[in-house]
Amino acid sequence: MARAMPELQLAISDFLLKLQRRQIEGSFDSAKHTVLLLRQVIVQHRASHSGQASSFIDAVKTVGARLVAASPIELAVGNVVRRVLHIIREEEVSIANNTEDEGETTFDSDDNNNSDDDGLPVLSAAVLAAANRNVLRAPSLHNLLESAVIPAVAIVSSSSAGDSEERSRSSEKNSKGWKLKHSIIEGINELLEDINNNHAQIAEQALEHIHQNEVILTLGHSRTLLQFLREAKKKRSFEVFVAEGAPRYLGHTLAKELAALNLQTTLITDSAVFAMMSRVDMVIIGAHAVMANGGVIAPTGLHMVALAARRHAVPFVVLAGMYKLCPLYPHNPYVLVNEMKSLSQILEHEESMEYIDAALNVPDLLAMNPSFDYIPPELVSLFITDMGGHNPSYIYRLVAEYYSPEDHSLE
Amino acid sequence: MCYVTRTSALEYEDIEVGKARLIERGEQIGDISLKARKTIAMLGQDFIRDGSTILTHGFSRVVLSILKLAAANKKHFSVVCTEGRPDSTGLQMAKEMVAIGVPITLIIDSAVAYTMESVDMLLVGADGVVESGGIINMIGTYQAAMVARSMNKPVYVAAESYKFARMYPLDQKAMFPSSRQVDFHYPLPSAVQVEFSSRDYTPPQYLTLLFTDLGVFTPSAVSDELIQLYL
């Protein structure tokens, strides 16, 4: 595998540092920077000629694993890495389809996985599941009626694929490799464009969902929501309740921005959400991430808002760009994906010092400041993404479309 | 079964060839089943956290493999299993748990709601997974899933992909009848009718996730997978 250039290494370390120091925060910024970095990785990657795509995949995986480890809470980073891996795999398949030996080449890459399985005793379950899809999934009735036994088909094609690989390699070495790299970069550029346009794409759907004289409730601040409401304001008149979103009070910023748009805005405390919910027609929020089961990672306080909305039968709508969709399932949703922020947002330093027992130097008063809430899929009515509006039960389809199961684990 | 018998070899004149092919297919499915259980165990054991209590109903080798792998990975958890009348599945499960050193509590089937508040999840296997995303499993599963849902406990199902079936039951009677003699341990008057069925259907809204060898799915994803399988 080709060595990364020194300036690439510098760019990677620079980004890692920024992630660790939380200088780059938020899904949008993290996603954008990750895409740019991965594009650089691909551009500067000088692949070996055998198994072209797998060397790109390895390069992206290595960098990706480091990025994810730097800031596990920024799920968008992992999402983008997996999107790029999926793009690489897709481009490889479509190029193989366009040249000769369509099925054999795909079998070849799967058999590479299988032969790796035999070598490495401990393999991630997701990789095995993906391998199972292709070889062990015997009950496909289409295959059952073949006279040749199914595993034999896989073995036979691997040997013939090996020969065809040799032939194609020697004859169209450079053009095939260049084509792959070029199409991967094209795919990444499309991804970057999607990320940049996601707010606009989501906002386009605003008029379908917000009706005349409706009352909308939200908590905290969301860029996507601001653009969404701005778009709806052009043709509808409605009013907005903004809960302030302690302890960061970003709701104050949103309220001012909405008022500047001449929208009737009311600012309320977080505790007043339940009291006001009976007057509200719809709750719309922005998400930090969406998990594969349709669960939502959102700023703290939003689970309570979702419960209040469910209690009053108010639709709970989540706005999320596709880069926020994470192919992972929350194993331990209320604990796993959360970050404790600095206590200075809650208590002044002098105040907290008062409560430290001087003799033992142990604080009597503890303050916790989690950043995120997990909202289970049952409480969400609708997801509005840049690819349209979807039910939470449909999220698995989007995951299957944009991600490959082999990439769930980045090790 | 259809996997084993659906082969063009059966159209051959030679009975020996047909026989050999059937045996071969049978062994293949045994192999596939074993590998599938390993994959499911790896996927499922992620959901078992330290200090959790798992309620299980019925005896499933797939569930057993998940619990064995979690125990082998040094996770500390405990298991509550139902007696499982009339099959006495509880006894089998209890023996297995003792063998791997996991604390096990046995409860009678009626005590499911009573214990549900102190467990963290319900984990069951399945005899069949149907098109709606629901499951067919030992009788009592529907009950347990309903209680779990009403108390907001996740219900996880572990099933291999060859258990996916192209049926869409609309009620409990829509399945093939499967009966099991129940011994009530005392003589019943002859006029008393006894309900014999040994399987029930749990609709998808009571299930949280399904662990299969093709990956982890929400119940709504099952029909998609089914279409791909039967294409």
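The values are calculated or read from the model by the stated rules, or taken from the named source; none is laboratory data. All values reported here derive from a predicted model rather than from experimental measurement. Virtual Cβ from ideal backbone geometry, glycine too; neighbours counted across all protein chains shown. Note: accessible area is taken over every heavy atom of the protein model, side chains too, but ligands, DNA and RNA are not part of it. Shrake-Rupley method; radii C 1.70, N 1.55, O 1.52, S 1.80 Å.
For segment A:386-411, taking the residues that are more than 24 Å from B:Gln205 (Cβ to Cβ) and not in a loop (DSSP other than H, G, I, E, B), the one that is farthest from the other protein chains (Cβ to nearest Cβ) is identified as A:Gly388. Could you tell me whether B:Arg149 is within 16 Å of the chain's Cα centre (by Cα), basic (Lys, Arg) and within 21 Å of B:Tyr201 (Cβ to Cβ)? Judged against the criteria, B:Arg149 is not a match. Per the conditions (1) modelled with pLDDT under 90; (2) more than 14 Å from every other protein chain (Cβ to nearest Cβ), the sole criterion not satisfied by B:Ser161 is (2). Flag not set for A:Leu360, criterion: more than 27 Å from the chain's Cα centre (by Cα), modelled with pLDDT of 70 or more, assigned to a loop (DSSP other than H, G, I, E, B) and among the aliphatic types (A, V, I, L, M).
When the criteria are applied in full, A:Leu226 meets the requirement of being within 28 Å of the chain's Cα centre (by Cα), of a type in the set (A, V, I, L, M, F, W, C) and within 30 Å of A:Tyr403 (Cα to Cα).
For segment B:164-175, filtering for residues that are more than 14 Å from every other protein chain (Cβ to nearest Cβ), charged (D, E, K, R) and within 16 Å of B:Pro204 (Cβ to Cβ) leaves 1. Among the residues of segment A:233-256, write down those that are surrounded by fewer than 18 Cβ atoms within 10 Å (Cβ to Cβ), in contact with a strand residue (DSSP E or B) (Cβ under 9 Å, 6 or more places away or on another chain) and outside any strand (DSSP E or B). Hits for segment A:233-256 are A:Ser237, A:Arg248, A:Leu250, A:His252, A:Lys256.
To keep it simple, each residue is scored yes or no on (1) within 26 Å of A:Gly286 (Cα to Cα); (2) surrounded by fewer than 22 Cβ atoms within 10 Å (Cβ to Cβ); (3) in contact with a helix residue (DSSP H, G or I) (Cβ under 7 Å, 6 or more places away or on another chain); (4) not hydroxyl-bearing (Ser, Thr, Tyr).
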residue: A:Ser30; (1), (2), (3), (4): yes, no, yes, no
residue: A:Gln44; (1), (2), (3), (4): no, yes, yes, yes
residue: A:Asp58; (1), (2), (3), (4): no, yes, no, yes
residue: A:Arg66; (1), (2), (3), (4): no, yes, yes, yes
residue: A:Val77; (1), (2), (3), (4): yes, no, yes, yes
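Just one of (1) polar (S, T, N, Q); (2) surrounded by fewer than 13 Cβ atoms within 10 Å (Cβ to Cβ); (3) away from chain A (no Cβ under 14 Å) fails for B:Asn152. It is (3).
The rows are residues; the columns are (1) more than 10 Å from chain A (Cβ to nearest Cβ); (2) within 30 Å of B:Gln45 (Cβ to Cβ); (3) open to solvent by less than 40 Å² (accessible area, probe 1.4 Å).
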site: B:Pro177; (1), (2), (3): yes, no, no
site: B:Asp183; (1), (2), (3): yes, no, no
site: B:Tyr186; (1), (2), (3): yes, no, no
site: B:Ser190; (1), (2), (3): yes, no, no
site: B:Asp200; (1), (2), (3): yes, yes, yes
site: B:Thr212; (1), (2), (3): no, yes, yes
site: B:Gly215; (1), (2), (3): no, yes, yes
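Scanning segment A:185-209 for residues that are among the small types (Gly, Ala, Ser) and touching a helix residue (DSSP H, G or I) at 6+ places or on another chain (Cβ under 6 Å), we see that the one that is farthest from A:Phe238 (Cα to Cα) is A:Gly187.
A quick yes/no check of all residues on (1) among the β-branched types (Val, Ile, Thr); (2) modelled with pLDDT under 65; (3) more than 29 Å from the chain's Cα centre (by Cα):
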residue	(1), (2), (3)
B:Arg6	no, yes, no
B:Asp14	no, no, yes
B:Gly18	no, no, yes
B:Ile23	yes, no, no
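For B:Phe196, the conditions (1) closer than 23 Å to B:Phe59 by Cβ; (2) at pLDDT 85 or above; (3) away from chain A (no Cβ under 14 Å) are fulfilled apart from (2). Within segment B:42-58, restricting attention to residues that are surrounded by fewer than 21 Cβ atoms within 10 Å (Cβ to Cβ) and within 18 Å of B:Ile107 (Cα to Cα), which residue is farthest from the chain's Cα centre (by Cα)? Checking each candidate, the answer is B:Ser52.
Of the set (1) open to solvent by 20 Å² or more (accessible area, probe 1.4 Å); (2) under 14 Å from B:Thr56 (Cβ atoms), all apply to B:Tyr168 but (2). Would you confirm whether or not segment B:115-124 contains a residue that is β-branched (Val, Ile, Thr) and open to solvent by less than 10 Å² (accessible area, probe 1.4 Å)? Yes, segment B:115-124 contains at least one residue that is β-branched (Val, Ile, Thr) and open to solvent by less than 10 Å² (accessible area, probe 1.4 Å). Restricting B:Gly84, B:Gly18 to those that are without any contact (Cβ under 8 Å) to a residue 12 or more places away in the chain and open to solvent by less than 60 Å² (accessible area, probe 1.4 Å) reduces the list to B:Gly18. Name the single residue that is least open to solvent (accessible area, probe 1.4 Å) among those in segment A:287-336 being within 11 Å of chain B (Cβ to nearest Cβ) and without any contact (Cβ under 8 Å) to a residue 24 or more places away in the chain. So the residue we want is A:Asn332. Number of residues in segment B:39-48 that are part of a loop (DSSP other than H, G, I, E, B), facing chain A (nearest Cβ under 8 Å) and touching a Leu at 6+ places or on another chain (Cβ under 9 Å) equals 1.
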